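First comes the structure, then the notes that go with it.
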Amino acid sequence: MLDLKLIRENPERVAKALRDRRQSIDIQPVLDLDTSKREKLAAVEDLKRQRNEASKAIGLVKRQGGDAGAAMARMKEVSDSIEALDNELREIDERLKALLLNIPNIPHESVPVGAGEEDNPVVRTWGEPRTFGFTPLNHWDIGEKLGIVDFDRAAKIAGARFAVMKGAGARLERALINFMLDLQTSRGYMEMLPPFMVNRDSMQGTGQLPKFEDDLFHVDDGFLLIPTAEVPVTNYHRGEILREEDLPVRYTAYTPCFRREAGSYGKDTRGLIRQHQFDKVELVKFARPDNSYEELEGLLNDAEEVLRRLALPYRVVTLCTGDLGFSAAKTYDIEVWLPGQARYREISSCSNFEDFQARRAEIRYKPAVGKGTALVHTLNGSGLAVGRTLVAVLENYQQADGTVTVPEALRQYMGGLERIA
RNA sequence: GGAGAGAUGGCCGAGUGGUCGAAGGCGGUUGACUCGAAAUCAACUGUGGGGGUGACUCCACCGGGGGUUCAAAUCCCUCUCUCUCCGCCA
């Protein structure tokens, strides 16, 4: 959510940001509602002041045994006016909030202006894609031949976009989770294991609601399945005031993630790339506003480190304004090389949300010097998407004989196993 | 699932219709005393919003929402959460 003051005082800046994002949202209704809200607010507050004063006087008169009937009758009318104005105000507030909740974040000044994916500049490339003496297979062929991934039975027991991991495949998934958690906790992140279902307030806090209801799985009893650990972990501090000396607060969490993938029919229908349920190790930071962009670079580096340790070639791109997610001010995507597709595919997304989520979720900190409180900046990134990392391992480490070499870094998590055969 | 109890400021805890934004204590900040510290004493110490260049001022907030009343932390309804006992369960 944007600061209403910012929209009021810099409407041009907000309008430009929306244009850069290729969004056709008109902010004029927001400005109009804001104006009429403040007019009515001044009027009703004045009436309330009158009522407060009169009520005190009435109390005084009654305690002295006097008759305050006339004043009470007068105040009854004032109270009726207040009720009417309050109702109008409530309606305006609801409309205003509905509009504000659907306005995306303003891109950071360093974000390149562009229309879509094709305009995302590459920041850096790491590692050399391996040359194969044979035609590299897709991960689903590798997995099915080795008997470590089963899509058919997953479709039977659940449906499309599910997979059953088996034997060394299940072990590999678990090894990756443990490897990532061990790595990130050693780099200063506190491990967390949060609920996999949350309430609507949490979804609104991080920006999934109200706009992206269709992307979420709903559970009976009103819970929603998390599409990312970002939701429970960021909302962990919802409504709280953090101490400046504790910043930046860093958490890492493994969770499964659940996404309906509505609107992505026909995309990545085969394989593990796009599933309704997938594992992810997430990184979340709460930072001071003045250094949150340094924290973003650090978080990105922490995510990249996973791929470097696994010796998987990757590149980093900056999302341009047209490709930026709703809540993000700036996002780097890490894309891993997939020999089976002969291209780079997203494996992590690292974002600074500035105070956009913090304002929705009311996450603040108390500066060590000076008065008052300020909103923190929230950041998060995948460190990494486990399923896609498993895909990258299978495809990059496949051998001519159909076996897959286990990356050095994972062997201690696989009971010393060197090769999946 | 059944029965009961509760939710008040950073923390503990008073307050059952009127000068209560809320006693008291703890914690914190500042000052006095001290060579310094402790102890003691004093003052200050919540959040959000509106108006004003400003000193400042007004409004709201006692778990969330709604209601009764001239007036609600206090009365009523409802939701959420916590605790105790019983049942069930991994």
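Read-outs: derived from the displayed coordinates by stated rules, not from any lab. No experiment lies behind these values; they were computed from the predicted model shown. We place every Cβ from the backbone using ideal geometry, glycine too, and count neighbours over all the protein chains shown.
For the stretch A:258-342, what does the relative contact order come out to in percent, with C-alpha contacts under 8 Å and a separation of six or more? Over the stretch A:258-342, the number comes to 19 percent. Comparing mean-square fluctuations of A:Ile226, A:Ile363, A:Ile25 from a GNM of chain A with C-alpha springs under 10 Å, the top value falls on A:Ile25.
Taking chymotrypsin sites (Phe, Trp or Tyr not before Pro) across the stretch A:106-198, the ones in a DSSP loop with at most 14 further Cβ atoms lying within 10 angstrom of their Cβ are A:Phe132, A:Phe134. List the chymotrypsin sites (Phe, Trp or Tyr not before Pro) in the stretch A:254-352 that DSSP assigns to loop (not H, G, I, E or B) and whose Cβ has at most 16 other Cβ atoms within 10 Å. Which are they? Qualifying residues, ordered by number: A:Tyr265, A:Phe326. For the stretch A:354-417, applying the loop criterion from DSSP together with a ceiling of 16 other beta carbons within 10 Å to the trypsin sites (Lys or Arg not before Pro) yields A:Lys371. Nearest 10 degrees is fine. How inclined is helix A:11-20 to the longest principal axis of chain A, computing both from alpha carbons? With rounding to tens, the tilt is 20 degrees.
In this simple spin-label approximation, A:Lys156 and A:Arg95 carry label points 7 Å from Cα along the Cα→Cβ vector, and these lie 5.7 nm apart. When both bridge partners sit in chain A, DSSP labels roughly 90% of those beta bridges antiparallel.
Distances over 22 Å make up what percent of all Cα-Cα pairs in the stretch A:221-302? It works out to 42 percent of all Cα pairs. For chain A, the longest principal axis of the alpha carbon atoms and the long axis of helix A:28-63 meet at an angle near 50°. Charged neighbours of A:Leu307, selected by a Cβ distance under 15 Å, balance to 0 (K, R count +1; D, E count -1).
The Cβ shell under 13 Å around A:Glu94 holds other residues with a net charge of 0, Lys and Arg each +1, Asp and Glu each -1. Compactness ratio for the stretch A:264-421: Cα radius of gyration over 2.2 N^0.38 Å (N = residue count) comes to 1.24. Annotation for the stretch A:10-71 versus the stretch A:261-289: alpha-carbon center distance of 43 Å.
Can you tell which of A:Glu118, A:Glu53, A:Glu91 shows the greatest fluctuation in a Gaussian network model of chain A with Cα springs below 10 Å? In the Gaussian network model the winner is A:Glu53. Evaluate the Kirkwood expression for the hydrodynamic radius of the stretch A:164-295, namely the inverse of the mean inverse distance over all pairs of different C-alpha atoms, and round to one decimal in Å. About 16.4 Å for the stretch A:164-295. Work through the residues other than A:Cys257 whose Cβ is under 15 Å from its Cβ and net out their charges, Lys, Arg +1 and Asp, Glu -1. Charge balance near A:Cys257 sits at -1. Summed over qualifying helices (DSSP H, 4 residues or more, each -39500 (n - 2.57)) and divided by its residue number, chain A shows a 222 nm mean residue ellipticity of -13000 deg cm²/dmol. Within the listed set A:Leu338, A:Leu100, A:Leu85, the Gaussian network model of chain A (springs between alpha-carbon atoms below 10 Å) gives the highest mean-square fluctuation for A:Leu85.
Legend: ranking of residues A:His237, A:His108, A:His218 from fewest to most surrounding C-beta atoms inside 10 Å; resulting order A:His218, A:His108, A:His237.
Ordered by the number of other Cβ atoms lying within 10 Å of each residue's own Cβ, fewest first, A:Glu45, A:Glu335 fall into the sequence A:Glu45, A:Glu335. Note on A:Arg13 and A:Glu346: their simple-model spin labels are 2.8 nm apart, each label 7 Å out from Cα toward Cβ.
Modelled label positions at A:Thr135 and A:Thr35, each set 7 Å beyond Cα in the direction of Cβ, lie 6.7 nm from each other. Remark: A:Asp355, A:Asp221, A:Asp32 ranked as A:Asp221, A:Asp32, A:Asp355, counting other beta-carbon atoms within 10 Å and listing the fewest first. The angle between the Cα long axis of helix A:69-101 and the longest principal axis of the Cα atoms of chain A comes to about 20 degrees, rounded to the nearest 10.
The stretch A:277-345: D in µm²/s via Stokes-Einstein (Kirkwood Rh, Cα pairs, 25 °C, 0.890 mPa s)? Answer from the Stokes-Einstein relation: 178 µm²/s.
Rounded to the nearest 20, the Cβ-based charge dipole of chain A about its Cα centre (Lys and Arg +1, Asp and Glu -1) stands at 480 debye.
For the pair A:Arg315 and A:Asp182, what calculated FRET efficiency results from E = 1/(1 + (r/R0)^6), where r is the Cβ-Cβ distance and R0 = 22 Å, to the nearest 0.05? For R0 = 22 Å, the calculated efficiency reads 0.30.
Using the alpha-carbon centroid of each, what span in Å lies between the stretch A:174-212 and the stretch A:320-358? What the calculation gives is 17 Å, centre to centre. Here the convex hull built on the C-alpha positions of chain A has a volume of 179 cubic angstrom per residue. Residues of the stretch A:70-105 with an amide N closer than 19 Å to a point placed 7 Å from the Cα of A:Ser55 along the Cα-to-Cβ direction: A:70-90.
Selection among A:Tyr397, A:Met72, A:Leu183 by position relative to the dipole of chain A gives A:Met72 as farthest towards the positive end (Cβ unit charges, Cα centre). Given +1 at the Cβ of Lys and Arg, -1 at the Cβ of Asp and Glu and no other charges, the dipole of the stretch A:200-333 around its Cα centre is 440 debye to the nearest 20. Please work out the FRET efficiency for the pair A:Ala400 and A:Ile25, using the Cβ-Cβ distance as r and a Förster radius of 56 Å; give the result to the nearest 0.05. Using R0 = 56 Å, I get an efficiency of 0.55.
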